[in-house]
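Data block below; observations after.
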Amino acid sequence: MIELTLNGKPLRLDAEGEMPLLWAVRDLAGLTGTKYGCGMALCGACTVHVDGEPVRACQTPLASVAGKTVTTIEGVGATELGRKVQSAWVAADVPQCGYCQSGQVMSAVALLRRIPRPDDSQIDEAMSGNICRCGTYARIRAAIKSVSTQEA
């Protein structure tokens, strides 16, 4: 039995510790907002937060998050910063196909938590592990900048 906190709620999962966190979140917890992309932690579609840090859920063993706090795209909007980022995403009309967007939002929230006023190079560096096949990078940067310029 593996216990963790998922989106602010305690959760006990009867699963093998080697199971990727992504499958635990999607298949056992039923939260399908976190996407499977490459399965090798290269595209960022599966990004979630573990104790506030962005991780690739496809390569994170479930056992490694025992006792930790996991936040997914379904839970990030419960925070003020998460709500601001999600609102900025909509206002900037960022998504096209939308597949990568949950991972993009999770990485953006982690960036803004760490660096509230990032410059372009910091945004590019923080978001470089999240691939968008639609090429919405300019709108992603604009959304992040719009949040970073809002009053705290």
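The values are calculated or read from the model by the stated rules, or taken from the named source; none is laboratory data. Since the structure is predicted, the reported quantities are computational estimates derived from the model, not experimental observations. Virtual Cβ from ideal backbone geometry, glycine too; neighbours counted across all protein chains shown. Quick note on the areas: whole protein, heavy atoms, side chains included, nothing else; ligands and nucleic acids left out. Shrake-Rupley method; radii C 1.70, N 1.55, O 1.52, S 1.80 Å.
Here's the yes/no breakdown for (1) under 13 Å from the mean Cα position of the chain (by Cα); (2) of a type in the set (D, E, K, R); (3) modelled with pLDDT of 95 or more; (4) closer than 23 Å to M127 by Cβ:
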| position | (1), (2), (3), (4) |
| --- | --- |
| A15 | no, no, yes, no |
| P20 | no, no, yes, yes |
| D27 | no, yes, yes, no |
| G30 | no, no, yes, no |
| K35 | yes, yes, yes, yes |
| V48 | yes, no, yes, yes |
| A57 | yes, no, yes, yes |
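Can you confirm whether the range 26-41 contains a residue that is touching a Lys or Arg at 6+ places or on another chain (Cβ under 8 Å), buried (at least 19 other Cβ atoms within 10 Å of the Cβ) and farther than 29 Å from L112 by Cβ? No, the range 26-41 has no match at all. Here R12 does not qualify as among the charged types (D, E, K, R) and surrounded by 15 or more Cβ atoms within 10 Å (Cβ to Cβ).
Within the range 99-123, which residues are in a helix (DSSP H, G or I), more than 16 Å from the chain's Cα centre (by Cα) and not small (G, A, S)? Within the range 99-123, D120, Q122 qualify.
Checking each residue in the range 45-89 for being open to solvent by less than 30 Å² (accessible area, probe 1.4 Å), part of a loop (DSSP other than H, G, I, E, B) and touching a strand residue (DSSP E or B) at 6+ places or on another chain (Cβ under 7 Å) picks out C46, T60, T72.
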